[in-house]
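> The structure follows.
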Amino acid sequence: MVIHDRVNERYYGLVNSIESHEATRARVHWICRSVVGRSVLDVGCSQGITSILLAREGLRVTGIDLEEESIRYAKRELAKESGSVRENVKFLLTDVAEWKTTTLFDTVILGEILEHFANPSILLRQAFRFLRDEGTLVVTVPYGYHPFYDHKQTFYAGNLGACLDPWFEVTQIELQHKYLCCTARKRQNMKQDMLPNTEQLMVWIEFDSKQFKQLEKKYQDTMNYRKTAYDKALQQLKKQNKKD
């Protein structure tokens, strides 16, 4: 199934709303800031914006995606860059779950891809294999329910952390415009105990509780505003009916 993610166009404000443009830029820049080392694998690179931005800073980046049109778009965008940037990026049309490379990377990026997997461990095992010892994993996923037809997972801090825990030690988790943004360090060996420790679980529960409280307040404020507006409009209608 083709998703047609238009991340470059959102990044440059060519499609969707101003809010979407600003949120996309913030998230892409957060990913770039979170990269560690000089060699990067951008999994699900889409139209290539993150890979190209990193290459502009001298990093060596391999971007992979299984959508042919996205890779064609990324290559067209890369062709507009300077020679040094072009030399730093390689875009490949391939399925990460089946990729057999023996190359190891300092950082692996999984930008809005885990939610498309019914079994994320398939992808996480691959990311673990692609990373150098103590390499960095950078993950972004929608926070909570997002009604998109190909989303097979709904992520909160708790279940994202638990999902990563067997292979990676979470080092940072935050919320950026309704997206969870997480960095994690590759474990020396995969954990045999698949459950996170109690202390870590409490950190994630506290994170989710704080976010839920803010979201509930936001929705309650919205409902109160709409009720006030409705009551005001109703009163005006009643007055108008009396005049008539």
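The values are calculated or read from the model by the stated rules, or taken from the named source; none is laboratory data. None of these values were measured; they are calculated from a predicted model. No Cβ is skipped: glycine too gets one built from the backbone with ideal geometry, and neighbour counts run over all protein chains shown. Remember, those area values only see protein heavy atoms, side chains included, never the ligands or the DNA or RNA. Shrake-Rupley method; radii C 1.70, N 1.55, O 1.52, S 1.80 Å.
> Can you list the HN-Hα couplings for region 41-50, worked out from phi with the Karplus curve (6.51, -1.76, 1.60; θ = phi - 60°), rounded to whole Hz and with x for Gly and Pro?
10, 9, 7, x, 5, 6, 7, x, 4, 5
> Where the Cα atoms of region 6-140 are projected onto their three principal axes, how long is each span, largest first, in whole Å?
37, 36, 28 Å, listed from the longest principal axis down.
> When all protein chains stay in place, what accessible area (Å², nearest 10, 1.4 Å probe) is found for H146?
Answer for H146: close to 50 Å² accessible.
> How big is region 113-176 along each principal axis, measuring the range of its Cα positions in Å and listing the largest first?
37, 23, 16
> Using a 1.4 angstrom probe on heavy atoms only, work out the carbon and sulfur share of the accessible area of region 44-127 in %.
Values: 1780 of 3740 Å².
C and S fraction of accessible area: 48 percent.
> Further question on the same structure: If the chain between E69 and K90 were fully stretched, how many nm would it gain, using 0.36 nm times the residue separation less the Cα-Cα distance?
Working: separation 21, 0.36 × 21 = 7.56 nm, distance 1.57 nm.
My answer for the length gained is 6.0 nm.
> Run lengths n ≥ 4 of DSSP H only: what is the helix-derived mean residue ellipticity at 222 nm for the chain, with -39500 (n - 2.57) per run over all residues, to the nearest 500? Intermediate values should be presented prior to the final figure.
Numbers: 8 runs with 112 residues, N = 244.
That comes out to -15000 deg cm²/dmol.
> Just grab the label-to-label distance for L234 and K80, each label 7 Å out from Cα along the Cβ direction, in nm (one decimal).
5.2 nm
> Residues with amide H under 5 Å of Y179's amide H, sequence separation 5 or more or different chain, H placed in the peptide plane at 1.01 Å from N; which?
The list, which skips near neighbours in sequence, is Y143.
> Just want to confirm a number: the relative contact order over the chain, from Cα pairs under 8 angstrom separated by 6+ residues, in percent. Working shown, then result.
Values: 381 pairs, mean separation 34.7, N = 244.
Across the chain, relative contact order equals 14 percent.
> Taking only protein heavy atoms into account and a 1.4 Å probe, give the accessible area per residue of the chain in Å². Don't jump to the answer; show the numbers that get you there.
Numbers: 14090 Å² over 244 residues.
For the chain, the solvent-accessible area averages 58 Å² per residue.
> Under unit Cβ charges (Lys, Arg +1; Asp, Glu -1), what dipole magnitude, rounded to 20 debye, does the chain have relative to its Cα centre? Walk me through the numbers on the way to the answer.
Working: 35 positive and 32 negative charges, 185 e Å.
It comes to approximately 880 debye.
> Which GluC sites (Glu not before Pro) from region 10-110 combine a DSSP loop assignment with at most 12 other Cβ atoms within 10 Å? Provide the component values of the computation, followed by the final result.
Details: sites: E19, E22, E57, E67, E68, E69, E77, E81, E87, E98; in loops: E57, E67, E81.
The qualifying sites are E57.
> Determine ³J(HN,Hα), in whole Hz, for all residues of region 109-124 in sequence, where each value follows from phi through the Karplus function 6.51 cos²θ - 1.76 cosθ + 1.60 and θ = phi - 60°; x replaces Gly and Pro.
Once rounded to whole Hz, the list reads 9, 10, x, 6, 10, 4, 5, 8, 9, 5, 10, x, 4, 4, 6, 5.
> Considering only the chain, what is the antiparallel percent among its DSSP beta bridges, to the nearest 5? Write down the numbers at each step before the final one.
Numbers: 15 of 36 bridges.
Roughly 40 percent of the beta bridges in the chain run antiparallel, per DSSP.
> Report D for the chain in µm² per second (integer): Stokes-Einstein, Kirkwood Rh on Cα pairs, 4 °C, 1.567 mPa s. Don't jump to the answer; show the numbers that get you there.
Working: Rh = 19.7 Å.
Approximately 66 µm²/s, per Stokes-Einstein.
> How much length would be gained if the chain were fully extended between Y12 and I205, taking 0.36 nm per residue of separation minus their Cα-Cα distance, in nm to one decimal? Walk me through the numbers on the way to the answer.
Values: separation 193, 0.36 × 193 = 69.48 nm, distance 3.53 nm.
Here the answer is 65.9 nm.
> Where Lys and Arg each count +1 and Asp and Glu each count -1, what net charge lies around F117 among other residues with Cβ under 14 Å from its Cβ? Write out the running numbers ahead of the final one.
Numbers: positive: R125, K152; negative: D95, E98, E112, E115, D150.
Result for the neighbourhood of F117: -3.
> For the chain, set up a GNM with springs between Cα atoms under 10 Å and report which of V141, V203, V36 has the largest fluctuation.
In the Gaussian network model the winner is V203.
> Now, a different point. Hey, in the GNM for the chain with a 10 angstrom Cα cutoff, which one of Y143, Y73, Y179 fluctuates hardest?
Result for the chain, Cα springs under 10 Å: Y73 fluctuates most.
> Which of I173, I71, I205 ends up with the largest GNM mean-square fluctuation for the chain, with Cα atoms connected below 10 Å?
I205
> Give K178/K210; K152/K178; K152/K218 a once-over and call out the pairs whose C-alpha atoms are over 19 Å from each other. Don't skip to the end; give the middle numbers.
Values: K178/K210 14 Å; K152/K178 17 Å; K152/K218 26 Å.
Beyond 19 Å between Cα atoms: K152/K218.
> Using the basic label-point model (7 angstrom from Cα toward the beta carbon), what is the K227 to R38 distance in nanometres?
Between K227 and R38, the label points sit 6.1 nm apart.
> So what is the relative contact order for region 71-149, in percent, with contacts set as C-alpha pairs under 8 Å and at least six apart? Before the final figure, lay out each step's value.
Numbers: 63 pairs, mean separation 24.6, N = 79.
Value for region 71-149: 31 percent.
> May I ask you to order 158-164, 60-66, 148-154 by the average number of other C-beta atoms within 10 Å around their residues, highest value first? Display every interim value, and only then the final one.
Numbers: 158-164: 20.6, 60-66: 22.4, 148-154: 11.9.
So the order, starting with the most tightly packed, is 60-66, 158-164, 148-154.
> Enumerate by residue number the chymotrypsin sites (Phe, Trp or Tyr not before Pro) in region 201-230 meeting two conditions: DSSP loop (anything except H, G, I, E, B), and at most 11 other Cβ atoms within 10 Å of the site's Cβ.
On the way: sites: W204, F207, F212, Y219, Y225, Y230; in loops: none.
Nothing satisfies the criteria.
> Roughly how tilted is helix 68-79, in degrees to the nearest 10 and between 0 and 90, from the longest Cα axis of the chain?
For helix 68-79, the angle is close to 80 degrees.
> May I ask for the Kirkwood hydrodynamic radius of region 115-220, worked out over all distinct Cα pairs and given in angstroms to one decimal? All intermediate terms of the calculation are to be shown ahead of the outcome.
On the way: mean 1/r = 0.0690 Å⁻¹.
After inverting the mean inverse Cα-Cα distance, the result is 14.5 Å.
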